[in-house]
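Peer 1: Before anything else, here's the structure in question.
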Ligand code: HDD
Ligand code: HEM
Ligand code: HEM
């Protein structure tokens with residue numbers, strides 16, 4: 001057994017909680033957008049399939065939100081419990097966005113509550129749709145605020161350090177630090193992308209299992225079209241993030257690319273194995289000039305190497321693989337959604353079935369895209385956070401100085417890992433049960449039957465002038 | 001008013017808000033699982049579910065707001081309380097997690113699994129118990145902060161009669177607040193059997209509430225005489241609080257004006273809670289922290305207050321909307337509204 005070290009356990013516990021929360025947070029940011037798209041299409045095209053889609057997504061969303069809320073509350077408390085010294089300093093300078101985030105939550109929570117319980121309450125269908133807008137704004141705003149805090153940890157500004165005390169604080173300058181814009185936009189676009197792919201994967205899986213209703217095809221088309229747009233945006237903003245790193249956190253970029261010596265016309269290495277003795281790379285795929293392009297947009301430009309930085313301020317070199325895997329997944333998602341959209345368009349022109357967008361290999365690729373996109377989120381955060389080490393607040397505070405000194409962090413780690421395992425299993429069980437018990441086909445038939453009844457009733461009411469109030473069974 | 005006072009007042013108001021909405025939630029959870037055990041579930045379950053379903057997430061945000069706001073306004077509290085509260089804080093998180101998620105599961109997912117409902121009910125009592133110890137700790141004597149090293153004296157806490165008095169008060173208040181609210185809600189829903197049962201619960205828990213508050217008074221006079229003296233100075237607030245209690249209970253007893261009765265219950269707790277808080281000042285953690293030597297800088301304080309006001313402008317209309325749709329909409333309350 002290694003000796004008890006509260007810093008190490010605090011790091012592992014923070015990692016576990018964040019890695020678990022980020023899955024549900026990402027879904028929490030992205031899925032409302034997808035629900036809004038589906039409901040809007042349903043209303044505009046008067047197509048009950050899209051409305052049912054929105055309804056079913058919303059129903060599953062409730063479950064994932066619940067986990068997002070409880071794990072988020074856990075992080076909020078845990079940050080104080082595990083990093084008290086850091087929060088004492090950060091609280092002075094970056095409390096503003098954290099504080100505003102709680103308002104975003106409030107806003108989201110209130111309207112989500114209303115949205116979920118008012119499906120059939122309003123005469124005008126658009127009224128119900130409008131209730132979703134605050135949910136979308138609230139969840140994206142909370143992502144914005146929390147990411148601004150994280151950006152501050154990478155490029156702190158808006159204060160001065162004087163004899164260990166923080167002075168001259170400018171809250172807005174701290175919040176809108178150099179990392180904020182690229183980080184926030186990349187986080188948002190990747191959350192939308194991931195949600196589109198996760199929902200698309202569900203539809204693709206249903207088609208693969210032999211369900212053949214147009215409901216699933218419509219779901220797939222909607223999600224993949226959205227995914228294509230978000231994938232392009234994510235890759236483009238990812239490229240900007242690389243340029244941001246080259247300017248403000250060159251050591252993170254150098255470590256991610258195993259770029260040891262400052263050089264012009266720097267190549268980019270994909271994968272590979274590092275020989276630690278002489279810093280040579282084997283088996284990697286070398287793309288000439290690519291690193292210079294990623295860093296500065298110009299093949300001839302100079303990229304700073306690790307040699308420029310003191311040894312004890314370099315992040316672990318393992319982040320190379322995380323970066324590569326994230327980018328690889330990003331390209332995969334882009335290609336898959338592109339191929340689907342191209343095939344889906346082509347088919348319209350030529351009646352021949354040769355270019356079926358619902359062919360099995362493509363469907364399997366879409367199914368794989370769901371978990372892969374979540375993996376990319378995890379890898380991206382591991383890259384960003386581990387690449388910040390050894391700092392918790394770059395240039396001002398090392399991670400080891402920010403941690404708690406309390407005993408028992410190891411016991412708490414055990415407690416929380418158990419909790420997350422139980423929650424994780426339960427959420428999967430509940431979701432599968434929920435959708436197995438109410439299959440989409442059954443609901444479509446129910447809606448049809450109900451529409452018939454309503455029509456028949458209206459006719460009979462007109463005939464008899466009878467004003468009986470009918471209770472339509474709720475479908476939620 | 002100084003920034004410090006504004007800050008602490010804002011936070012105290014939100015904690016009070018949490019106290020009320022969370023008590024309703026926790027107590028309702030307990031009552032509904034209690035009725036599952038005694039086979040009276042069908043009587044009150046509908047009422048409870050209709051109220052709780054749309055608002056449970058909002059309840060949680062009150063707590064998050066208080067927690068984050070506190071660290072924003074008083075960054076040093078993170079250091080002291082954060083270090084000291086690792087274990088009780090983590091236990092509270094786990095309980096909140098179980099409660100929140102299993103509530104959603106049992107309501108939206110697999111309906112009516114007994115184990116979920118029981119977990120849900122039990123956590124409804126354990127959470128207030130564990131959260132109330134934070135107030136106990138703030139009275140001093142349970143944290144030792146020599147030479148910048150903070151230790152939590154867990155044994156003292158377990159053996160302190162003051163600490164147990166506070167826990168007792170927390171538990172009975174939760175049941176009392178939620179029973180009085182649900183009585184009102186059942187009345188609005190015109191659900192007579194539920195009204196009868198809930199009214200009985202409300203009356204049953206009323207006197208233990210007063211009894212345990214007296215116990216807390218008594219215990220604090222030994223534990224922290226300075227705070228006790230402050231409370232005596234503000235004794236008019238506590239006397240008013242008692243008056244509200246008496247009127248509220250006589251209204252419920254005589255079966256009239258359940259709505260007014262609940263407002264009086266809220267006033268009863270507001271007066272006692274703010275009396276307690278005001279006499280606690282200036283200490284945030286006796287005797288180590290006062291609100292003056294740990295306040296955040298002026299620029300941040302101003303920014304937070306501006307953000308707060310802007311946030312309220314958004315929140316109040318939204319809260320009004322949700323109340324209008326789910327609390328004051330007779331059709332919904334009576335369960336006649338389509339979902
Ligand atoms: C579906 C998820 C996803 C996908 C497909 C991509 N990313 Fe990403 N990336 C993230 C999800 C993500 C993230 C989880 O959202 C991160 C972690 C921290 C952050 O700001 O965003 C991130 C961080 C991140 C950073 C570090 C920013 C920093 O540390 O400040 C860079 C340079 C890139 N990404 C670049 C890319 C490029 C060039 C991609 C090409 C396709 C790409 N990402 C795809
Ligand atoms: C240090 C990091 C983080 C902290 C302290 C944190 C805090 C929280 C808290 C306290 C909640 C519960 C709020 C409630 O009661 O409603 C929550 C939920 C949520 N968080 Fe996080 N969070 C963190 C990371 C993130 C990130 C990176 C994102 C987005 C990319 C995010 C997005 C959300 C969303 C959207 C919710 C609402 C629940 C949902 O819709 O699933 N959070 N978070
Ligand atoms: C206020 C906020 C934050 C604090 C105090 C914080 C602090 C930390 C610390 C100390 C670590 C351990 C680093 C290591 O040992 O490698 C860590 C890791 C991590 N954080 Fe953050 N972080 C914050 C914000 C965020 C946000 C917003 C996210 C997004 C979800 C995030 C995601 C992660 C992840 C995924 C890791 C694991 C990286 C690894 O593999 O080590 N963090 N964080």
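The values are calculated or read from the model by the stated rules, or taken from the named source; none is laboratory data. As the structure is a computational prediction, the values presented were derived from the model and not from experiment. Here the Cβ positions follow ideal geometry from the backbone for every residue, glycine too, while neighbour counts run over all protein chains shown.
Peer 1: Condition first: surrounded by fewer than 24 Cβ atoms within 10 Å (Cβ to Cβ), facing another protein chain (nearest Cβ under 7 Å), more than 12 Å from ligand 3 (Cβ to nearest atom) and modelled with pLDDT under 85. Can you find one or more residues in the stretch A:38-48 that meet it?
Peer 2: no
Peer 1: Tell me which strands (runs of 3 or more DSSP E) are completely within the stretch A:199-309 and hold 3 or more residues being away from ligand 1 (no atom under 16 Å from the Cβ) and over 20 Å from residue A:380 (Cβ atoms), or say none if there are none.
Peer 2: On the way: elements: A:268-270, A:273-275, A:280-282, A:285-287.
In the stretch A:199-309, A:273-275, A:280-282 are the strands (runs of 3 or more DSSP E) which contain 3 or more residues that are away from ligand 1 (no atom under 16 Å from the Cβ) and over 20 Å from residue A:380 (Cβ atoms).
Peer 1: Moving on to the next point. What do you reckon, is residue A:74 at the interface with chain B (Cβ under 8 Å from one of its Cβ atoms), away from ligand 2 (no atom under 11 Å from the Cβ) and assigned to a helix (DSSP H, G or I)? Even if it seems obvious, please write down each step before you answer.
Peer 2: On the way: at the interface with chain B (Cβ under 8 Å from one of its Cβ atoms): yes; away from ligand 2 (no atom under 11 Å from the Cβ): no; assigned to a helix (DSSP H, G or I): yes.
No, not satisfied.
Peer 1: Quick test for you: out of A:89, A:149, A:136, A:69, pick the one residue that is within 8 Å of another protein chain (Cβ to nearest Cβ) and within 25 Å of residue B:313 (Cβ to Cβ).
Peer 2: On the way: A:89 fails: within 25 Å of residue B:313 (Cβ to Cβ); A:149 fails: within 8 Å of another protein chain (Cβ to nearest Cβ); A:136 fails: within 8 Å of another protein chain (Cβ to nearest Cβ).
Criteria check complete, one pass: A:69.
Peer 1: Within the stretch A:135-147, which residues are more than 18 Å from residue A:177 (Cβ to Cβ) and either within 16 Å of ligand 1 (Cβ to nearest atom) or surrounded by 21 or more Cβ atoms within 10 Å (Cβ to Cβ) (or both)?
Peer 2: Residues satisfying the conditions are A:135, A:138, A:139, A:140, A:142.
Peer 1: Moving on. Restricting to helices (runs of 4 or more DSSP H) lying wholly in the stretch B:152-227: which have 2 or more residues that are in contact (Cβ under 8 Å) with a residue 40 or more places away in the chain? Even if it seems obvious, please write down each step before you answer.
Peer 2: Values: elements: B:154-159, B:161-188, B:192-223.
Per the criteria, B:161-188, B:192-223.
Peer 1: Give the residue that is nearest to the other protein chains (Cβ to nearest Cβ), with candidates limited to residues of the stretch A:14-37 that are surrounded by fewer than 23 Cβ atoms within 10 Å (Cβ to Cβ) and away from ligand 1 (no atom under 16 Å from the Cβ).
Peer 2: A:16
Peer 1: Could you check how many residues of the stretch A:141-153 are closer than 15 Å to residue A:384 by Cα and either touching a helix residue (DSSP H, G or I) at 6+ places or on another chain (Cβ under 6 Å) or at pLDDT below 85 (or both)? Break it down into steps so the answer makes sense when it comes.
Peer 2: Of the stretch A:141-153, the ones closer than 15 Å to residue A:384 by Cα are A:146-153.
Okay, now just the ones that are also either touching a helix residue (DSSP H, G or I) at 6+ places or on another chain (Cβ under 6 Å) or at pLDDT below 85 (or both), so A:146-149, A:151-152.
Count: 6.
Peer 1: Here is a further query. Go through the stretch A:159-190 residue by residue and tally those that are farther than 16 Å from residue A:238 by Cα and surrounded by fewer than 20 Cβ atoms within 10 Å (Cβ to Cβ). I'd like the intermediate steps shown before the answer.
Peer 2: Within the stretch A:159-190, the subset farther than 16 Å from residue A:238 by Cα is A:159-177.
If we keep only those that are surrounded by fewer than 20 Cβ atoms within 10 Å (Cβ to Cβ) as well, we get A:160-165, A:167-168, A:170, A:172-173, A:176.
Residues in the stretch A:159-190 being farther than 16 Å from residue A:238 by Cα and surrounded by fewer than 20 Cβ atoms within 10 Å (Cβ to Cβ): 12 in total.
Peer 1: Residues in the stretch A:57-100 that are more than 14 Å from ligand 3 (Cβ to nearest atom) and either under 23 Å from residue B:96 (Cβ atoms) or buried (at least 24 other Cβ atoms within 10 Å of the Cβ) (or both): how many?
Peer 2: Qualifying residue count, the stretch A:57-100: 11.
Peer 1: Restricting the search to the stretch A:158-174, which residues are out of contact with any strand residue (DSSP E or B) (no Cβ under 7 Å at 6 or more places or on another chain) and either touching a residue at least 24 places away in the same chain (Cβ under 8 Å) or at the interface with chain B (Cβ under 9 Å from one of its Cβ atoms) (or both)?
Peer 2: Going through the stretch A:158-174, the residues out of contact with any strand residue (DSSP E or B) (no Cβ under 7 Å at 6 or more places or on another chain) turn out to be A:158, A:161-166, A:169-174.
Residues satisfying the conditions are A:158, A:161, A:166, A:169, A:170, A:171, A:172, A:174.
Peer 1: Which ones in the stretch A:92-111 are more than 7 Å from chain B (Cβ to nearest Cβ) and at pLDDT below 80?
Peer 2: Result: A:93, single match.
Peer 1: Further question on the same structure: State yes or no: is residue A:244 in contact with a helix residue (DSSP H, G or I) (Cβ under 9 Å, 6 or more places away or on another chain) and within 16 Å of ligand 3 (Cβ to nearest atom)?
Peer 2: Working: in contact with a helix residue (DSSP H, G or I) (Cβ under 9 Å, 6 or more places away or on another chain): yes; within 16 Å of ligand 3 (Cβ to nearest atom): no.
The answer is no for residue A:244.
Peer 1: Find the residue count for the stretch A:127-155, including only residues that are within 16 Å of ligand 3 (Cβ to nearest atom) and either within 15 Å of the chain's Cα centre (by Cα) or part of a helix (DSSP H, G or I) (or both). So that I can check it myself, show each step before the final result.
Peer 2: Step one: of the stretch A:127-155, the residues within 16 Å of ligand 3 (Cβ to nearest atom) are A:139-155.
Imposing the further condition that a residue be either within 15 Å of the chain's Cα centre (by Cα) or part of a helix (DSSP H, G or I) (or both) reduces the set to A:139-154.
Count: 16.
Peer 1: In the stretch B:239-248, how many residues are within 11 Å of residue B:206 (Cα to Cα) and over 20 Å from the mean Cα position of the chain (by Cα)? Before the answer, list the steps.
Peer 2: Going residue by residue through the stretch B:239-248, those that are within 11 Å of residue B:206 (Cα to Cα) are B:245-246, B:248.
Narrowing further to those that are over 20 Å from the mean Cα position of the chain (by Cα): B:246.
The total comes to 1.
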